[in-house]
Amino acid sequence: MTPAELRACVRPPAAGPHGARTPAADRLRPPDPGGKLDRQGFPDPDSAPEGPEAGHEPPTNEVERTLADLWARLLGLPNPGIRDNFFESGGHSLLATQLISQIRVEFQVDFPLREFFQAPTIAELATAVEDLITAQMSDLTEEELRDMLAEMDAS
């Protein structure tokens, strides 16, 4: 069972005709011959596959790596992938606000919170951050660009 299949199974189902809901565990695996849930049939969470075959895509550039590090610290995740959804990974609005604050400091961009809700993955955030950086750079005068390059050369 893949992580995506597991997530789909544990999402609350629509209420039945009398408002009753089927427990999530009952939808995961068919019962054993005795009618009980076969708990031994569940995959070992510690041996879940990683990499593209499991839907995990590691960061591919510096912006994605920096964002992944921020996510890892905030959400307590060891290795967030660039397609992971912040909210499905345990994030909530307060953590989103903290993340946006850290993005603003780390990248020196004015990143709007509403943009984060439209781009809740590392890949989407990286694109949005890169777009903001590009826009800021295009607003600089030639003199400001020269000064910036001189500062970088001095470092």
Selection within the stretch 110-145 - farther than 23 Å from Glu64 by Cα and either at pLDDT below 85 or surrounded by 15 or more Cβ atoms within 10 Å (Cβ to Cβ) (or both): Asp139, Leu140, Thr141, Glu142, Glu144, Leu145
When the residues of the stretch 84-114 are narrowed to those that are over 14 Å from the mean Cα position of the chain (by Cα) and acidic (Asp, Glu), which ends up farthest from Gly55 (Cα to Cα)? Asp110
For Phe107, work out the one condition from (1) surrounded by 14 or more Cβ atoms within 10 Å (Cβ to Cβ); (2) without any contact (Cβ under 8 Å) to a residue 24 or more places away in the chain it doesn't fulfil. (2)
Members of the stretch 78-106 that are aliphatic (A, V, I, L, M) and out of contact with any Asp or Glu (no Cβ under 8 Å at 6 or more places or on another chain): Leu94, Leu95, Ala96, Leu99, Ile100, Ile103, Val105
Just to verify a result, which residue in the stretch 65-85, among those that are of a type in the set (D, E, K, R) and more than 21 Å from Thr97 (Cβ to Cβ), is surrounded by the fewest Cβ atoms within 10 Å (Cβ to Cβ)? Arg83
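The values are calculated or read from the model by the stated rules, or taken from the named source; none is laboratory data. Here the structure is a predicted model, which means the values were calculated and not measured. Neighbour counts are summed over all protein chains in view; Cβ atoms, including those assigned to glycine, are modelled from backbone coordinates with ideal geometry.
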